[in-house]
Amino acid sequence: MKKMMRRDFLKTAGVAAIGAGCLAAGMGEVHAQEKPNSVTKEKQFKPGEKVKTSGIYDVFHDKIDGEHHAQQHQVIVIAGTVFPRCKGCREWVRFRLSQAAQYVNKDPHFEA
């Protein structure tokens with residue numbers, strides 16, 4: 001069995017904990033979860049598209065009048081929700097999967 005590095009474990013555990021907190025706060029509802037890595041890391045997603053894979057996504061904002069209103073950053077997105085629009089560049093924002101992670105309530109090792 002491959003040994004997981006502490007940093008990788010903390011990244012994965014953090015995704016699960018934050019995602020669970022968002023759902024507990026009523027920020028989304030999980031309807032489906034594909035297997036991690038079922039979405040390629042090269043594919044970009046647009047606002048309004050349904051999220052198929054939970055995980056950490058890189059966010060790329062469009063320039064407004066030639067200026068960046070937001071730098072590239074990462075967000076946690078849960079499967080079954082919808083990619084949101086940006087307050088600044090609206091539907092021109094793009095999301096790309098950086099690290100897939102299974103939602104903790106769907107993991108067979110934990111009680112739901």
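One table, with the values for the structure above:
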| read-out | value |
| --- | --- |
| Close pairs from the stretch 41-63: first within 10 Å of residue 97 (Cβ to Cβ), partner β-branched (Val, Ile, Thr) and part of a loop (DSSP other than H, G, I, E, B), Cβ under 8 Å, at least 6 apart | 45/51; 51/78; 51/81; 52/39; 53/39; 54/30; 54/78 |
| Of all residues making up the stretch 81-112, the number that are assigned to a loop (DSSP other than H, G, I, E, B) and either of a type outside the set (A, V, I, L, M, F, W, C) or out of contact with any Pro (no Cβ under 8 Å at 6 or more places or on another chain) (or both) | 16 |
| Members of the stretch 55-112 found to be among the aromatic types (Phe, Trp, Tyr), under 14 Å from residue 44 (Cβ atoms) and over 15 Å from the mean Cα position of the chain (by Cα), listed by number | 92 |
| In the stretch 75-112, the residues that are without any contact (Cβ under 8 Å) to a residue 40 or more places away in the chain and among the small types (Gly, Ala, Ser) | 88, 112 |
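Per-residue answers, yes or no, for (1) part of a loop (DSSP other than H, G, I, E, B); (2) surrounded by 12 or more Cβ atoms within 10 Å (Cβ to Cβ); (3) modelled with pLDDT of 75 or more:
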site	(1), (2), (3)
19	no, yes, no
32	yes, yes, no
53	yes, yes, yes
59	no, yes, yes
79	yes, yes, yes
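The values are calculated or read from the model by the stated rules, or taken from the named source; none is laboratory data. Remember, predicted model here, so these are calculated numbers, not experimental data. Glycine gets a Cβ as well: all are built from the backbone with ideal geometry, and neighbour counts include every protein chain shown.
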